[in-house]
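Structure record follows, encoded as structure tokens.
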Amino acid sequence: MKKLIFSAALLVLVAGATAEAAGPVDGEIGAVWWNSEFDSTGATAMTDDAGAPGYRASLWLFNRYGIKAGMYEANLDPGVAPASDYTSIDFMWRAFSPTQNNYVAVGLGWQQMDLLSIGIDGSTSGARINVEGRVGLGKIVFAYGEGSYLPSLDDASALDPMYGQFQDMSGMEYEVGISVKPAPFMNIRAGYRAHSVDFMQTGLDPLLGLGPDMDGSAESNGLLLGAVFNF
């Protein structure tokens with residue numbers, strides 16, 4: 001995960017330096033509190049409150065080409081399960097963009113997830129397909145939405161061999177909300193965010209009374225509130 005976070009930050013910085021030299025550029029960096037609830041099914045079924053901060057940054061050149069990175073966490077009670085985190089980087093293209101706050105963009109990216117909360121040993125990752133958009137509702141208010149589909153994630157082993165292997169993994173995430181701009185350099189954002197992963201657990205130990213194969217899922221969802229600074 002650390003390598004992906006470092007790579008994402010480096011790419012944003014390099015893109016920023018290139019954009020400043022090449023032409024008009026705008027971007028944002030911000031933090032939110034994601035008041036999420038974690039819910040999983042399968043061999044490690046559980047439900048728990050998992051509120052935690054999240055971070056995001058984006059950079060756009062000529063109001064057309066963009067790069068964005070994000071990192072969010074589902075921080076479960078330590079007595080229930082370890083935290084899970086979701087880190088991503090995307091390259092975007094605004095297919096329709098009459099103004100900065102009225103556009104539709106599509107893109108491709110990469111996501112890495114440490115899903116310790118469901119017992120995965122290490123992390124899983126894969127490519128993602130993205131779409132996002134904004135609609136201005138006034139001079140200082142806009143609605144936004146963004147979604148990603150992860151068609152194929154890496155297989156992974158369970159921390160406990162009794163829980164076998166996680167295979168046929170796929171995922172999705174989305175966020176919708178409202179942003180208010182009280183100052184030229186700042187947005188206040190409120191919305192709803194969800195991450196979900198579907199999988200199959202194979203090679204389960206018969207002593208668990210499960211299997212031989214079992215479908216499962218892990219989802220983090222909830223309201224968020226935060227501040228985004230523009231440049």
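The values are calculated or read from the model by the stated rules, or taken from the named source; none is laboratory data. Computed from a prediction, not measured in an experiment: that's the story for all the values here. Don't worry about glycine lacking a Cβ; one is built from the backbone with ideal geometry, like all the others, and counts go over all protein chains shown.
Return yes or no: is Val228 surrounded by 18 or more Cβ atoms within 10 Å (Cβ to Cβ), of a type outside the set (Ser, Thr, Tyr) and touching a strand residue (DSSP E or B) at 6+ places or on another chain (Cβ under 9 Å)? So Val228 fits the description; yes. In segment 78-112, of all residues being part of a strand (DSSP E or B) and aliphatic (A, V, I, L, M), the one that is nearest to Ala143 (Cα to Cα) corresponds to Val104.
A quick yes/no check of all residues on (1) touching a Ser or Thr at 6+ places or on another chain (Cβ under 8 Å); (2) over 21 Å from Leu59 (Cα atoms); (3) surrounded by 19 or more Cβ atoms within 10 Å (Cβ to Cβ):
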residue: Ser117; (1), (2), (3): yes, yes, yes
residue: Ala127; (1), (2), (3): yes, no, no
residue: Ile140; (1), (2), (3): no, no, no
residue: Gly164; (1), (2), (3): yes, yes, yes
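Take segment 178-195 and flag every residue that is among the small types (Gly, Ala, Ser) and modelled with pLDDT of 95 or more. Ser179, Ala190, Gly191, Ala194 - these are the residues of segment 178-195 that are among the small types (Gly, Ala, Ser) and modelled with pLDDT of 95 or more. Checking each residue in segment 186-205 for being small (Gly, Ala, Ser) and within 12 Å of the chain's Cα centre (by Cα) picks out Ala194, Ser196.
Regarding Glu175, is this residue of a type in the set (D, E, K, R), surrounded by 15 or more Cβ atoms within 10 Å (Cβ to Cβ) and either farther than 25 Å from Lys139 by Cα or at pLDDT below 95 (or both)? The answer is no for Glu175. For the subset of segment 129-138 comprising residues that are surrounded by 16 or more Cβ atoms within 10 Å (Cβ to Cβ) and out of contact with any Ser or Thr (no Cβ under 6 Å at 6 or more places or on another chain), which member is nearest to Met172 (Cα to Cα)? Filtering segment 129-138 for residues that are surrounded by 16 or more Cβ atoms within 10 Å (Cβ to Cβ) and out of contact with any Ser or Thr (no Cβ under 6 Å at 6 or more places or on another chain), the one nearest to Met172 (Cα to Cα) comes out as Val131. Of the residues making up segment 33-74, those that are within 14 Å of the chain's Cα centre (by Cα) and not hydrophobic (A, V, I, L, M, F, W, C) are Ser36, Pro53, Gly54, Tyr55, Arg56, Ser58, Lys68, Gly70, Tyr72, Glu73. When Asp26, Asp49, Asp39 are screened for being surrounded by fewer than 16 Cβ atoms within 10 Å (Cβ to Cβ), under 30 Å from Ala158 (Cβ atoms) and modelled with pLDDT of 85 or more, only Asp49 passes. Considering only segment 149-160, I want to know if a residue exists there that is among the hydroxyl-bearing types (Ser, Thr, Tyr) and crowded, with 21+ Cβ neighbours inside 10 Å. No, there is no match, as no residue in segment 149-160 is among the hydroxyl-bearing types (Ser, Thr, Tyr) and crowded, with 21+ Cβ neighbours inside 10 Å.
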